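The values are calculated or read from the model by the stated rules, or taken from the named source; none is laboratory data. Quantities reported herein were computed from a predicted structural model and do not represent experimental measurements. Here the Cβ positions follow ideal geometry from the backbone for every residue, glycine too, while neighbour counts run over all protein chains shown. Ligands, DNA and RNA are stripped out before the accessible areas are found, and what is left, the full protein with its side chains, is counted by its heavy atoms. Shrake-Rupley method; radii C 1.70, N 1.55, O 1.52, S 1.80 Å.
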Amino acid sequence: RFIEIYDLILINNYRFICMEYADQKTLENKILESQKEKHKINNDEIYDIFVELLLGLYAINEKGYMHQDIKSENILLKKETINEQIYEIAKLSEPGFSRKLDGIIGSKTPCGTPYYLSPELCNDDEKYDFNCDIWSLGIVLFELLSKRLPWYKEKINYKDFLKLVINTKKTPLPENIDEKLKYLIQIMLKKDPNRRATL
């Protein structure tokens with residue numbers, strides 16, 4: 001699932017993207033509202049969102065691209081009618097950082113938002129591959145379940161964030177979390193990309 005882009009317009013060195021309208025705001029808005037109203041996003045809804053994001057990621061990976069900036073702010077929600085039933089659908093957006101990956105050479109350009117970046121993406125010396133997006137999606141899943149980020153420090157740069165992730169444990173998840181969702185987070189947030197879950 002990916003937000004459709006209709007047109008790209010360049011006016012006085014400013015780029016304007018015309019894209020599909022998402023009438024339910026962002027996943028970040030949903031998480032913040034849930035936090036404010038002190039209600040839990042139910043497991044069925046979390047699984048639905050997660051599967052839709054996996055489908056969107058699969059679609060761009062199949063074309064040889066990484067997203068490189070998956071975060072709750074870049075996940076848009078919209079209502080769609082499917083078989084006469086109305087569903088809230090989660091779609092990836094903001095493909096501006098997307099980069100084509102040569103499977104052998106890999107990539108070395110750090111980008112994206114520090115809190116969602118995998119350790120190898122923060123580290124200028126390491127090459128990275130599709131699994132950097134799996135890490136970011138794991139962070140989003142953690143955020144959906146706990147309403148917070150697993151590693152956080154206000155106003156942090158890539159290098160300091162890398163040290164934070166490498167040297168500290170992630171924030172514990174709340175109690176009574178679905179065991180399958182716990183396991184997904186565990187295998188998606190492996191610091192070693194070679195041990196991390198693949199798509």
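If I ask for residues that are touching a residue at least 24 places away in the same chain (Cβ under 8 Å) and more than 29 Å from P174 (Cα to Cα), which ones from the range 2-45 would you list? Answer for the range 2-45, where residues must be touching a residue at least 24 places away in the same chain (Cβ under 8 Å) and more than 29 Å from P174 (Cα to Cα): F2, I3, I5, M19, E20, Y21, A22, D23. Every condition in (1) under 25 Å from D44 (Cβ atoms); (2) without any contact (Cβ under 8 Å) to a residue 40 or more places away in the chain holds for E154 except the one numbered (1).
Given the options K163, K190, K159, name the one that is closer than 29 Å to I60 by Cα, part of a helix (DSSP H, G or I), open to solvent by 40 Å² or more (accessible area, probe 1.4 Å) and not aromatic (F, W, Y). Give the derivation first.
Working: K163 fails: closer than 29 Å to I60 by Cα; K190 fails: part of a helix (DSSP H, G or I).
Testing whether each residue is closer than 29 Å to I60 by Cα, part of a helix (DSSP H, G or I), open to solvent by 40 Å² or more (accessible area, probe 1.4 Å) and not aromatic (F, W, Y) leaves just K159.
For the range 38-64, the set of residues classified as over 21 Å from L181 (Cβ atoms) and among the acidic types (D, E) consists of E62 only.
Note on the range 133-156: among residues that are of a type in the set (A, V, I, L, M, F, W, C) and part of a loop (DSSP other than H, G, I, E, B), the one that is surrounded by the fewest Cβ atoms within 10 Å (Cβ to Cβ) is I156. Residues of the range 35-50 that are over 18 Å from D69 (Cα atoms) and part of a helix (DSSP H, G or I): Q35, K36, N43, D44, E45, I46, Y47, D48.
Given the options L53, L77, L32, name the one that is aliphatic (A, V, I, L, M), closer than 27 Å to P114 by Cβ, part of a helix (DSSP H, G or I) and open to solvent by less than 30 Å² (accessible area, probe 1.4 Å).
L53
Scanning the range 120-132 for residues that are under 15 Å from the mean Cα position of the chain (by Cα) and open to solvent by less than 10 Å² (accessible area, probe 1.4 Å) returns L121, C132.
Of all residues in the range 59-74, those satisfying the criterion of being in contact with a strand residue (DSSP E or B) (Cβ under 9 Å, 6 or more places away or on another chain), open to solvent by less than 30 Å² (accessible area, probe 1.4 Å) and part of a loop (DSSP other than H, G, I, E, B) are G64, H67, Q68, I70. Within the range 166-187, the set of residues being part of a loop (DSSP other than H, G, I, E, B) and hydrophobic (A, V, I, L, M, F, W, C) comprises L173, I177.
Could you please let me know if E94 is at pLDDT 85 or above and among the acidic types (D, E)? Spell out how you get there, then give the answer.
Details: at pLDDT 85 or above: no; among the acidic types (D, E): yes.
Taking the combined requirement at face value, the residue does not satisfy it.
Selection over the range 166-187 of residues that are open to solvent by less than 50 Å² (accessible area, probe 1.4 Å) and not charged (D, E, K, R) gives a count of 8.
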